[in-house]
Amino acid sequence: MGLTATTVRRAIAGHRPVDPPALPGRTNHLDCGVLVPLMWRPRPTVLLTVRSVTLRDHGGEVSFPGGKREDGDPDLAATALRETREELGVEADEVFGRLSSVPLYTSDHRIFPYVAGLTEQAMTPNPDEVSEVLELELEALLSLPKVEAIPYNIDGSDQLAPVFPTAGHLIYGGTAIALYELLCAVSLELDRAPPTLTAGRYGWNDVLPAGFEVDV
């Protein structure tokens, strides 16, 4: 089975997202809709943004386009689509469904990732919000033998937080968790094993802002 829009559509349609509890010391009550855009070039390519360092929340981090729900948004999927138009100047053709929500550790936000397909089109990134656009071929990500991760523990349960190094940046946190969940869902549809999460060279000091204390 090839990696096509139909493959991704089936993978997300058959995926069952979960909504985990807030992280220790956080409320994670600030819901945000983000889009996981797959542009067909013609190979499915994941689009991510490097947030402008001038932004108040999560400046300089790699993320999916998205933000907080506004009054005119009927739901968080609409929020994700609107924010993608505002940040990248592109339109999605179809929303396939959503992945699990991810409570963030560095703030009280919780992201709700929606996977969408986009036809090939020119991007016009908003410089006030986006300093760089990253493009990762989905097949290349699926073919990784492993994904390095940071070990941590929550309520006595050992966990691994994935980290994806690319183009001079590190993709970590909620964005990396959502990206890895996408790989797992598509791998299942393809009857393939996803890349293995393994403790590697990275620690929290490599990804979190200077002076930010980690107690998980």
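The values are calculated or read from the model by the stated rules, or taken from the named source; none is laboratory data. Here the structure is a predicted model, which means the values were calculated and not measured. Cβ atoms come from the backbone with ideal geometry, glycine included; neighbour counts cover every protein chain shown. Just so you know, the surface numbers come from the protein's heavy atoms only, side chains and all, with ligands and any DNA or RNA stripped out. Shrake-Rupley method; radii C 1.70, N 1.55, O 1.52, S 1.80 Å.
Some observations on this one:
- Geometric extent, Cα atoms of the range 88-151 - Rg, Dmax (angstrom): 15.0, 39
- Ranking 159, 145, 203 by Cα position along the charge dipole of the range 137-216, where only Lys, Arg, Asp and Glu carry charges on their C-beta atoms, puts 145 farthest toward the positive end.
- Neighbours of residue 172, meaning other residues whose beta-carbon lies under 10 angstrom from its beta-carbon, give a summed charge of -2 when Lys and Arg score +1 and Asp and Glu score -1.
- Over the Cα atoms of the range 1-106, the radius of gyration divided by the Kirkwood radius equals 0.97; this is the Rg/Rh ratio.
- Spherically averaged projected area of the convex hull of Cα atoms, the chain: 11.7 nm².
- Solvent-accessible area, 1.4 Å probe, carbon plus sulfur percent, for the chain: 51 percent
- Debye intensity ratio I(q)/I(0), log10, the range 98-213, q values 0.10, 0.17, 0.18 Å⁻¹ (C-alpha model): -0.35, -1.04, -1.16
- Local electrostatic count at residue 194 - Lys and Arg +1, Asp and Glu -1, tallied over other residues with Cβ under 12 Å: -1
- Sequentially through the range 135-140, phi angles give Karplus couplings (6.51, -1.76, 1.60; θ = phi - 60°) of 10, 10, 5, 4, 4, 5 Hz, Gly and Pro residues having no value and appearing as x.
- Between the range 25-43 and the range 98-127, the Cα center-to-center distance that results, in Å: 2 Å
- Within-13-Å neighbourhood charge of residue 40 [Cβ basis; K, R +1; D, E -1]: -3
- Alpha carbon Rg of the range 44-151, scaled by the compact-globule rule 2.2 N^0.38 Å: 1.10
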